[in-house]
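Colleague: Mind having a look at this structure? Questions to follow.
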Amino acid sequence: MFFHFNELKFRTFYYIFGIFINFFVTYAHAPQIIKLITVPFFDFTKKKDFDFIFTTILEVFNTYISLSIYNSFFFSLPILYYFSYSFLKSGLYKFEKHILFKLLIFEKICIFVSLIITYLIIYPNVLSFLLTLDMITEKNFIVLKMETKLFEYIEFTSKCFIFYYFFIFQLPLFMSIYIYNKKIKPNNLYKKRRSIILIFSIFSCIFSTPDIQSLLIILFLFLFLFEFIVFITILRFKYKKLFLKKRVA
């Protein structure tokens with residue numbers, strides 16, 4: 001008991017140390033990261049003379065701190081997952097270690113994929129919808145000039161990345177755990193496909209901006225992740241049946 005408590009204490013210390021390392025590295029490279037994050041914004045507004053502003057003396061400093069906090073939290077997740085796996089594996093059976101290790105690799109892949117898809121597909125569409133509101137009001141006799149504060153933009157962007165990772169790209173993990181625990185066969189998944197598509201459509205309406213393009217993108221992601229899990233389930237089910245036949249023979 002005392003040994004496990006010490007191990008938990010040391011792993012927690014190393015995790016907090018990793019967060020601090022991520023924080024200081026992000027802070028040291030904050031201008032470069034901000035330049036990368038603002039690429040979708042300037043791609044959309046390149047035809048107009050838009051720029052970021054700050055209204056208080058400490059706002060740029062607060063922006064760097066806020067960006068470092070969000071990044072240190074997000075990019076420390078793989079460390080958290082690894083330490084959790086390392087702490088739990090000593091009390092698990094061999095097959096449980098194997099499953100937990102697969103989930104660890106799967107979560108690391110989800111983090112990378114969520115960053116790429118959110119940055120290249122989802123977030124530009126969110127910006128496209130929100131920034132066109134300025135153009136709409138211009139045509140309706142209300143003239144609005146956008147002067148975006150850097151701090152608010154970084155806050156909004158960071159929350160978007162974290163939100164979409166936790167609410168969309170965790171779907172394969174939860175579905176895999178549910179299918180494994182319930183021992184659901186592929187045929188049962190196909191029978192419930194209409195209900196699942198309806199549920200995904202409702203979630204897409206909740207998690208997307210109120211335009212059809214963003215809704216279809218989120219819905220397509222949900223359906224793609226669902227079909228991917230179904231495909232993996234079919235392969236696993238057929239491999240298991242083939243293995244059992246060879247074992248009986």
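Bear in mind that the values in this text are calculations on the coordinates, not laboratory data. Just so we're clear, the structure is a prediction, and the values are computed from it rather than from any experiment. Don't worry about glycine lacking a Cβ; one is built from the backbone with ideal geometry, like all the others, and counts go over all protein chains shown.
Colleague: With the crude spin-label approximation of a point 7 Å out along Cα→Cβ, what separation in nm comes out for F228 versus E96?
Modeller: For F228 paired with E96, the spin-label model returns 2.8 nm.
Colleague: Also, quick follow-up: What is the set of long-range amide H partners of K149 at a cut-off below 5 Å, with H atoms built 1.01 Å from backbone N?
Modeller: Amide H to amide H, under 5 Å and 5 or more residues apart or across chains, K149 pairs with I53.
Colleague: Please work out whether segment 46-117 counts as rounded, prolate or oblate from its C-alpha gyration tensor, where a ≥ b ≥ c are the square roots of the eigenvalues and a/c under 1.5 means rounded, while otherwise a/b larger than b/c means prolate and anything else oblate?
Modeller: Verdict is oblate for segment 46-117.
Colleague: In addition: Any of K159/K192; K97/K192; K9/K89; K35/K159 with alpha carbons more than 23 Å apart? Name them for me.
Modeller: Those over the limit are K159/K192; K97/K192.
Colleague: So, counting K/R as plus one and D/E as minus one, what does the shell of residues with Cβ under 12 Å around E96 add up to?
Modeller: Net charge in that neighbourhood comes out at +4.
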